[in-house]
Amino acid sequence: MKRRRFARSSSLLEDQIRQEFHNTEDLKLKTVKLDGLTLTLVYLDDISDRMVIQKTIISPLLTVSDDQTKISAADLPDLIPMAAINNIEDNSLISRHLMDGCTVIIAREEDIDTVYAVKTTYSVKRSPDEPVNEPTISGPRDGFIECLQDNKALLRAHLKTSDLLFEQHLIGKDVVKYISLTYLQGKADRKLIEEIRERINEINADYITDAGILEQLLERNPLSVFPELTSTQHPTKVANALLEGRVAIMTDGSPTVLIAPTTLNMLLQTPDDYYFKWIPASLIRLLSYFTALISVLLPATYIALVSFHHGLIPTSLAVSLSKTREGVPFPSVIEAFIMELTIEILREAGVRLPKPIGSTVSIVGAIVIGETAVSSGIVSPMMVMVISFTAICSFAIPNYQLSLALRTIRFFFLFSAAILGVYGLLIAIFIVTTHLIKLRSFGTPYMEPFAPIQLKSWKDSFVRLYYRVGKKDRKLHEK
């Protein structure tokens, strides 16, 4: 048996690696000498799997050494067949491979260094459970996680086609982040793909922590409250978007996947719309549009009617409203603002608190504060009912990003109605509608297919029409 000796090496390349990582405690360098060939294994102990290193690297090499076979640097890729081994020609990429969890092998033969990287990543992963913020009634319940490789596998499982392409990009100056541009060959528009590539290449950030930061860097309308990209954690939603010719952007370390381009109609749809028969599914979709309008317009409409246009209210209802407002010291707009602010605080408190007590605190807090405010005469009972119904309607909006946008412009409508009544409300509606018509998401009109009008696309807008069956298939079903 040949003699093997483990020792520390002091070559220039290894010293550079130690210096670059500031000789950190978890940087490990192990040297194996075998008859003229010196192998130095370099890895970060915290993110590299020691068992994988032992089984895929050290054991095969020692087995060959025991067989009295002379080993050269060029033989290493053939001696480690079970691992993903790559030759590193640029030494500046060594640190990147180490931070990815790879083990770097420096093979020194006659004072010539040959560098390889072997995938030995160790990571703690969670199971792909159903996303908490996107529950589904029917359909797949898996969800994306923080591992980019696993997210690709999930998407591959939903789209088993050779046309599914992944493009890897690196962003970040100080800390590198991997993102994957995903699309279906032949479905996605080449101009769309090129535009997304250009925007990614224009990013000049030190570090991208999450897909939410990446989304803001890719947008071109930072002053708009409406999202230009759809974020989701559902693989089925991403798969459907890719089949429609859209592009998905995956970020390593984030369970959120971005979809571009985005339309307002897309934000009001859910995967469940396609799992039920078309009539009830269409009713649910119409309900989403209705609740979105109610959540934005109801408080402003109530203030406009109560403060300026009493004649538009039926007499019996006007008398009832005037009685409920007796003793209230604030104008209706201040009432509405106080209640809206209270609801938003309770909503955020429910989100930030631990799950077992978050919902309880929100419900109990809303009931106690509402009853106390009415009994003390600070707000009227009708205002409490209007704001409560508005909050419930906002919960029915399927997309959280759109819900945040509508909650923001609700205050704009509120104060517009308080200044000019119905006229102010109409002006605010005109401004927001004009903004939505002018808004573009990667070149696609945000109000498509309503503005510009595309009647052929209306079959999947307000309603979801039934799936058509071909004549041949229909005859087979009849038989």
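Some observations on this one:
- For segment 206-223, the condition holds for at least one residue, the condition being that it is among the hydroxyl-bearing types (Ser, Thr, Tyr) and without any contact (Cβ under 8 Å) to a residue 60 or more places away in the chain.
- Residue selected from segment 241-278 under the condition acidic (Asp, Glu) and either crowded, with 16+ Cβ neighbours inside 10 Å or on the phi > 0 side of the Ramachandran plot (or both), by the criterion nearest to the chain's Cα centre (by Cα): Asp252
- Subset tally (residues that are under 14 Å from Ala260 (Cβ atoms) and polar (S, T, N, Q)) for segment 159-210: 2
- Selection status of His158, without any contact (Cβ under 8 Å) to a residue 40 or more places away in the chain and either surrounded by 15 or more Cβ atoms within 10 Å (Cβ to Cβ) or under 20 Å from the mean Cα position of the chain (by Cα) (or both): no
- Residue check for Ala281: open to solvent by less than 10 Å² (accessible area, probe 1.4 Å) and either at pLDDT 90 or above or of a type in the set (A, V, I, L, M) (or both): yes
- Any pair with Cβ under 6 angstrom, 6 or more apart, that starts in segment 41-54 at a residue that is over 16 Å from Ile94 (Cβ atoms) and ends at one that is open to solvent by 10 Å² or more (accessible area, probe 1.4 Å) and at pLDDT 85 or above: Asp45/Asp26; Asp45/Lys28; Asp46/Asp26
- Considering segment 166-210, the residues that are surrounded by 12 or more Cβ atoms within 10 Å (Cβ to Cβ) and basic (Lys, Arg) include one that is farthest from Asp252 (Cα to Cα), namely Lys187.
Residue by residue, here is whether (1) farther than 30 Å from Tyr302 by Cα; (2) not charged (D, E, K, R) holds:
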position: Phe411; (1), (2): no, yes
position: Val432; (1), (2): no, yes
position: Glu448; (1), (2): yes, no
position: Ile453; (1), (2): yes, yes
position: Lys456; (1), (2): yes, no
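- Where a residue in segment 448-472 is surrounded by 13 or more Cβ atoms within 10 Å (Cβ to Cβ) and of a type in the set (D, E, K, R) and its partner, wherever it lies, is part of a loop (DSSP other than H, G, I, E, B) and modelled with pLDDT of 75 or more, with Cβ under 7 Å and at least six apart: Glu448/Thr263; Glu448/Gln454; Lys459/Leu465
- A single member of Asp210, Asp163 is acidic (Asp, Glu) and under 19 Å from the mean Cα position of the chain (by Cα), and it is Asp210.
- Whichever residue in segment 30-60 is surrounded by fewer than 18 Cβ atoms within 10 Å (Cβ to Cβ) and in contact with an Asp or Glu (Cβ under 6 Å, 6 or more places away or on another chain) and, among such residues, is modelled with the lowest pLDDT: Asp46
- Boolean, Asp163 is open to solvent by 30 Å² or more (accessible area, probe 1.4 Å), under 27 Å from Leu27 (Cα atoms) and free of Cβ contacts under 8 Å to residues at least 40 places away in the same chain: no
- For the criterion of being farther than 15 Å from Val386 by Cα, in contact (Cβ under 8 Å) with a residue 40 or more places away in the chain and basic (Lys, Arg), Arg347 passes.
- Complete set of residues in segment 96-137 that are within 22 Å of the chain's Cα centre (by Cα) and either more than 19 Å from Met51 (Cβ to Cβ) or among the aromatic types (Phe, Trp, Tyr) (or both): Arg126, Ser127, Pro128, Asp129, Glu130, Pro131, Val132, Asn133, Glu134, Pro135, Thr136, Ile137
The values are calculated or read from the model by the stated rules, or taken from the named source; none is laboratory data. Given the structure is predicted, the values throughout are model-derived calculations rather than measurements. Note that each Cβ is placed from the backbone with ideal geometry, even for glycine, and that neighbours are counted across all protein chains shown. Ligands, DNA and RNA are stripped out before the accessible areas are found, and what is left, the full protein with its side chains, is counted by its heavy atoms. Shrake-Rupley method; radii C 1.70, N 1.55, O 1.52, S 1.80 Å.
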